[in-house]
Amino acid sequence: MTTQDMTVISADGRHAAPDTVLELRHLIDGAWVPSTSGETFDRHAPATGELLSRACKGGAEDTNAAIAAARQAFDDRRWSDLPGSARAKLLTKVADLIDANRARIALYETLESGKPISQAEAEIQGAADIWRYAATLAWNIRGDSQNALGADMLGMVLKEPIGVVSIIAPWNFPFLIVSQKLPIAFAAGCTAVIKPSEMTSATTVILGELLLEAGIPAGVVNIVLGYGDPVGSLMTTHPDVDMVSFTGSTAVGKAIVAATSNTLKKVSLELGGKNPQVIFADADLDQAADAIVFGVYFNAGECCNSGSRIIVQEDVADALNEKVVALSRKVPFGDPLNPKTKVGAIISPEHQAKIDGYVQDAALAGAKVLLGGDALGVAGLSGQFYQPTVIADVSADMAIAREEVFGPVLSVLTFQTFEEAVTLANDAAYGLSAGVWSENVHTCLAFARQVQAGTVWTNTWMDGYPELPFGGVKESGLGRELGPNGIEEFLETKTVQMRIGKTRQMWV
Ligand code: NDP
């Protein structure tokens, strides 16, 4: 397969390495500090291979110091005693600072992750909106009361912040994912320690700078840079941490559940997905094809919500495949810094090899590669890119139909009846999101009710709003982020029973 019939955006010569290599430090108790060990690690841009940043490599001592700072800031109530309205004002200020710094944050998000600059800008804008939404939650923390327990008793149900939260984030939406957790934890009155992925530390550090500028008190937020071992692992086992809020792979999510069991911390997990989109024969195939192409190539497929598993009714499978392949050829892949680009680089050479391995294995097992299936060369850029790839004749037992490929690779399966479509859609360990395409609202609703997923899209794909909850069932996660449910994750319930007057003896 040649790339001549694909849309490739080459570098236009604007790719001088950033003037300076970013030096990144930990944020502990309001100060930017190096690692006690003096060790560092480097990040190279996935699109160009250029050295971008040198970060302090956190160890046990740094992580313990960050947890101690968050513990102290929670226990002395410097944050949780503020009225919700005061926390809300600070959250809104952070949102305004994110807006004011959007271009700088988006540039580093693009350089570190390889995603297109236009998408990075939209994500940073979306993240600012979550900070604003979180401010509304901070105004509205309320419990309940029970006034029918008898004349001498009043029951009250208080909502209190859970305490110190460990926030562990992946590399695919570094700024957005931290923004789905931190402002909500802050709204509740929690303090936090954050560990970004070691591949995408820069934008979390920039966020830390903005938090200090906004006036978030020292110790309320702490950032430790480094690897899962030992930083992430200590953040999940330390007795002074009350909750772990994690987004990442299902494998690490399971390890975290095991690690937290010793101290019985609360755990909230946003994990992987193998999300089905079911297309019935009566669907608007042009709209479906457009959404399929968006769903699988958005963020180069490095997306928990990637619509990577198409399940199409047999009668229209060929017609749909034709449309999807034709549209795939038009999607601009290439230079992440060009505003026209819609799909950028793959995060690392190791990940590129993993994506390719799935494709080659599927081809060997008898699947048909209709488009792509190889690395994509982009003139002027020496990083790693992968071709838009469409694979038909996939059967449900192939790894490519069951596991997260996390690349720009679409698998197409077929069905005949509604029941078969639902069975195929649910035939996965994951249950993050699902979609259905049909002009018949009854078909859409019946599917939405029977599919095992945390989010269902009907005749659309991957819309998201801060005011709607997001999360997965089965091996896609535990708990919900965003929406009114989101703040509940960071709150404990305390029951207070008040005796009123001296109307009766307690016991004898
Ligand atoms: P990983 O699970 O590999 O890593 C996620 C984070 O966990 C990283 O910061 C990593 O550190 C850290 N980590 C690794 N091991 C441990 C450990 N033992 N204890 C504590 N922390 C640890 O995921 P990726 O970064 O590769 O991200 C991709 C995955 O994230 C995909 O499976 C994707 O589906 C999922 N995801 C889910 C989303 C959702 O909302 N459901 C959204 C986005 C992504 P480091 O790598 O730096 O060593």
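The values are calculated or read from the model by the stated rules, or taken from the named source; none is laboratory data. Everything numeric in this text was worked out from a predicted model, so none of it was measured. Because the Cβ atoms are built from the backbone with ideal geometry, glycine has one as well, and the counts that use them run over all protein chains shown. With ligands, DNA and RNA removed, areas are computed over all heavy atoms of the protein, side chains included. Shrake-Rupley method; radii C 1.70, N 1.55, O 1.52, S 1.80 Å.
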- Take the residues in the stretch 163-180 that are near the ligand (Cβ under 8 Å from one of its atoms) and part of a helix (DSSP H, G or I), then tell me which one is surrounded by the most Cβ atoms within 10 Å (Cβ to Cβ). I177
- Message: Here's a check for you: in the stretch 209-236, which residue that is among the small types (G, A, S), within 16 Å of the ligand (Cβ to nearest atom) and assigned to a helix (DSSP H, G or I) is surrounded by the fewest Cβ atoms within 10 Å (Cβ to Cβ)?
- Response: G228
- Message: Let me spell it out: the conditions are (1) more than 27 Å from the chain's Cα centre (by Cα); (2) crowded, with 19+ Cβ neighbours inside 10 Å; (3) among the charged types (D, E, K, R), and R71 meets all of them except one. Which number is the exception?
- Response: (1)
- Look at the stretch 357-382 and say how many of its residues are under 25 Å from D318 (Cα atoms), of a type outside the set (G, A, S) and either part of a loop (DSSP other than H, G, I, E, B) or touching a residue at least 40 places away in the same chain (Cβ under 8 Å) (or both). 6
- Message: Which count do you get for residues in the stretch 11-67 that are open to solvent by less than 50 Å² (accessible area, probe 1.4 Å) and among the hydroxyl-bearing types (S, T, Y)?
- Response: 4
- Message: If the requirement is being assigned to a strand (DSSP E or B), near the ligand (Cβ under 9 Å from one of its atoms), buried (at least 21 other Cβ atoms within 10 Å of the Cβ) and within 16 Å of the chain's Cα centre (by Cα), which of these qualifies: V244, V267?
- Response: V244
- Hey, does the stretch 383-392 have a residue that's at pLDDT 95 or above, among the aliphatic types (A, V, I, L, M) and assigned to a loop (DSSP other than H, G, I, E, B)? no
- Query: Given the structure, is L327 open to solvent by 20 Å² or more (accessible area, probe 1.4 Å) and assigned to a strand (DSSP E or B)?
  - Reply: no
- Message: Restricting to the stretch 259-277, count the residues that are in contact with a helix residue (DSSP H, G or I) (Cβ under 9 Å, 6 or more places away or on another chain) and either without any contact (Cβ under 8 Å) to a residue 12 or more places away in the chain or aliphatic (A, V, I, L, M) (or both).
- Response: 4
- Message: If I ask for residues that are within 20 Å of L482 (Cβ to Cβ) and within 14 Å of the ligand (Cβ to nearest atom), which ones from the stretch 185-208 would you list?
- Response: I194, P196, T203, T204
- Do any residues in the stretch 226-255 that are farther than 23 Å from L491 by Cα have Cβ atoms under 7 Å from those of residues that are more than 8 Å from the ligand (Cβ to nearest atom) and among the basic types (K, R), where the two are at least six apart or on different chains, and which pairs are they? G226/K57
- Note on the structure: If you go through A283, A288, A251, the only one that is outside the structural domain of E404 (by TED's automatic domain parsing), of a type outside the set (K, R) and either more than 16 Å from the ligand (Cβ to nearest atom) or modelled with pLDDT of 95 or more (or both) is A251
- Here are some conditions: (1) open to solvent by less than 40 Å² (accessible area, probe 1.4 Å); (2) within 21 Å of D129 (Cβ to Cβ). G472 meets all but one. Which one does it not meet? (2)
- Task: Pull up the stretch 291-315, narrow it to residues that are open to solvent by 20 Å² or more (accessible area, probe 1.4 Å) and more than 16 Å from the ligand (Cβ to nearest atom), then point me to the one that is farthest from the chain's Cα centre (by Cα).
- Result: D315
- Return a yes/no flag: does the stretch 429-441 have any residue that is closer than 23 Å to K254 by Cα, under 25 Å from the mean Cα position of the chain (by Cα) and surrounded by fewer than 17 Cβ atoms within 10 Å (Cβ to Cβ). yes
- Sole miss for A45 among (1) under 25 Å from the mean Cα position of the chain (by Cα); (2) farther than 26 Å from S10 by Cβ is condition (2)
- Message: Take the residues in the stretch 123-162 that are among the aliphatic types (A, V, I, L, M) and loosely packed, with under 14 Cβ neighbours inside 10 Å; name whichever of them is nearest to L176 (Cα to Cα).
- Response: V157
- Of the residues that sit in the stretch 119-148 and are farther than 30 Å from E302 by Cβ and without any contact (Cβ under 8 Å) to a residue 12 or more places away in the chain, which one is farthest from the chain's Cα centre (by Cα)? A148
